[in-house]
């Protein structure tokens with residue numbers, strides 16, 4: 001197996017992934033990809049876009065929506081099955097688990113004294129919660145044919161190899 005890794009992947013962020021590739025004797029090289037982050041040269045119509053966690057995915061879906069949408073459209077127009085592999089861990093094993101996710105930006109409550117009175121503050125009351133993100137991911141899945149997969153960071157290299165080894169769009 002020859003895996004092409006997008007050249008924009010940061011070396012520090014993929015050390016464990018590369019270590020797994022080395023352990024499994026998977027050949028890899030870095031070069032810019034049209035979409036996503038990982039591609040098996042034997043099956044170039046299946047590409048993985050790695051996300052560090054649900055926070056990154058949430059930013060892509062909300063604040064970077066137009067850029068993200070353009071990438072999804074490029075994938076469709078090129079006949080690419082895009083798999084978004086989210087390394088969140090912590091009980092997030094399927095798209096359904098996202099529904100119950102508590103965004104730390106929405107739920108980070110702290111107390112502060114203002115004019116001698118203790119007041120409660122929430123980091124970002126308007127931050128997207130799990131229910132909203134789940135609905136967005138379902139829409140993306142249904143509209144753009146994207147598959148969402150989830151894993152722990154320690155298993156990302158193994159999951160990339162497993163996903164890219166498949167010869168069909170299951």
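The values are calculated or read from the model by the stated rules, or taken from the named source; none is laboratory data. Quantities reported herein were computed from a predicted structural model and do not represent experimental measurements. Please note: Cβ atoms are built from the backbone with ideal geometry, for glycine as well, and neighbour counts cover all protein chains shown.
Output the residues belonging to segment 97-112 that are exposed (fewer than 12 other Cβ atoms within 10 Å of the Cβ) and either at pLDDT 85 or above or closer than 12 Å to residue 61 by Cα (or both).
none
Out of (1) surrounded by fewer than 12 Cβ atoms within 10 Å (Cβ to Cβ); (2) in a strand (DSSP E or B), the odd one out for residue 49 is which?
(1)
Return the residue satisfying two criteria in turn: it lies in segment 144-168 and is farther than 22 Å from residue 90 by Cα and surrounded by 12 or more Cβ atoms within 10 Å (Cβ to Cβ), and of such residues it is modelled with the lowest pLDDT.
Result: 166.
Are any residues in segment 43-74 in contact with a strand residue (DSSP E or B) (Cβ under 7 Å, 6 or more places away or on another chain) and under 17 Å from residue 5 (Cβ atoms), and if so, which ones?
Matches in segment 43-74: 46, 47, 48, 49, 50, 51.
Tally up the residues in segment 27-46 that are outside any loop (DSSP other than H, G, I, E, B) and under 20 Å from the mean Cα position of the chain (by Cα), please.
Adding up the residues that qualify gives 5.
Given the condition at pLDDT below 90 and not in a strand (DSSP E or B), answer yes or no: does some residue in segment 13-25 qualify?
Taking every residue of segment 13-25 in turn, at least one turns out to be at pLDDT below 90 and not in a strand (DSSP E or B).
For segment 54-98, name all the residues that are in a helix (DSSP H, G or I), touching a residue at least 60 places away in the same chain (Cβ under 8 Å) and within 11 Å of the chain's Cα centre (by Cα).
Within segment 54-98, 54, 57, 58, 61 meet the criteria.
Give segment 18-42 a look and list any residue that's surrounded by 16 or more Cβ atoms within 10 Å (Cβ to Cβ) and closer than 25 Å to residue 77 by Cα, or say none.
Within segment 18-42, 33, 35, 36, 37, 38, 39, 40 qualify.
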